[in-house]
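Values quoted throughout were computed directly from the atomic coordinates according to the rules given, and no laboratory measurement underlies them. Everything numeric in this text was worked out from a predicted model, so none of it was measured. Glycine also receives a Cβ, built like all others from the backbone with ideal geometry; neighbour counts cover every protein chain displayed.
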Amino acid sequence: MEELVAKYLANELNTSERADFESQLIQDEKLRLDLEAYAKVLDLTSNEDNTIFNADTAWNKVNERTKETKVVKIQRTNFSFLKVAATLLVLAVAGYFIYNSTLNQEAEGTELASVPHGIKEFTLPDGSLVKLNANAKLTLSKSFGDSNRNVILSGEANFDIVRDEKKPFIIEAGNSTVKVLGTSFNLTTDAEDGVELDVTEGLVEFSSTITGAKEQVAKGQSAKLDKTGKVLQKKEMKDTNFSGWWTRKLEYDDTPLSEVFKDLEDTYWVEVDYNEAIGACPLTSTFQGATIEDVIKTIVATFPEVKLVSFKENQIKLDGKACYH
């Protein structure tokens, strides 16, 4: 069909072929719209203003009773026979962009977003539950729940996915893809060194879109994909503090304050500025439903070496010296 369109635009069809093609244009709206799209591309290389196809005139030749007026004005230049090949090349390029435009439109579905300093929870059309951490965004495909369950994640989210054997739940997250049938897990694209996955129920397929490497991550396991998308590692989960941002539970056993501060920033949406000397101080404590003020007070009370310099809005500054106990 593209060769036929090319010859039509290049004016290389004989009278009979041209009549047959214009009859198709009258009956096939999609073909007519495609012709218009291709002609717009060709129009960029032509300054002549000639009407190639008038659907009204052609239709009257087929059916004199019609009252519908459809005019498709298409620009053309004086093509030689050899230019048919060039026309085909232009159509191929135009087809590529039209196809990709369709894919992009398909991907742009419902967008769910959290807030700067809080959590938002959503129930998806398939019944799955999603919690979005601060500033996170989840975009559902237009056909989500019908022909697929594809989404795009930016930020951090906790998923509780309803099982569907026929339609796997697929998440595009940075340089990674997560694929599940039904399970529970935490996923973040905001990890310091890339994308991080923590599985609390079931089995999750975690893969790199760069190398194609895959890992099956089971309950109680974590996996990380570095920022380049080339290094994928899986390990046993050391704690459940990754979920502190929505459970409000943090547990530490001789954990360096440098790691504690990272959790606090993710859980309470604050920024902690501290002297590196206190980063190695080991904290053993459990916080359940505590406010960020309570946590900071506990840290300062635990380590005489640590001093609170300031606490303004979401900015916390700590100073001190190394701990030796």
Contour minus Cα-Cα distance for THR209 and ALA113 (0.36 nm per residue): 32.1 nm
Charge dipole of the stretch 111-236 built from unit charges on the beta carbon (Lys, Arg +1; Asp, Glu -1), centred at mean Cα; most positive-end Cα among LEU129, SER143, THR188 is SER143
Send over the semi-axes of the stretch 130-227's equivalent ellipsoid, whole angstrom and largest first, taken as the square roots of 5 times the C-alpha gyration tensor eigenvalues. 18, 15, 14
By how many nm would the segment from LYS137 to VAL162 lengthen if fully extended, with 0.36 nm per residue of separation less the alpha-carbon distance? 7.0 nm
Given charges of +1 on the Cβ of Lys and Arg and -1 on the Cβ of Asp and Glu, with all other atoms neutral, how large is the dipole of the stretch 107-176 about its Cα centre, in debye to the nearest 20? 20 debye
Suppose every Lys and Arg Cβ carries +1 and every Asp and Glu Cβ carries -1, with no other charges. What dipole size does the stretch 178-325 come out with about its Cα centre, to the nearest 20 debye? 280 debye
Along the three principal axes, how long is the stretch 241-320 when you take its alpha carbons, biggest first, rounded to the nearest angstrom? 30, 28, 18
Note to self: C-alpha centroids of the stretch 136-172 and the stretch 182-220 sit apart, in Å, by 14 Å
Summing Lys, Arg as +1 and Asp, Glu as -1, what charge do residues with Cβ under 12 Å from the Cβ of SER154 carry, SER154 excluded? -3
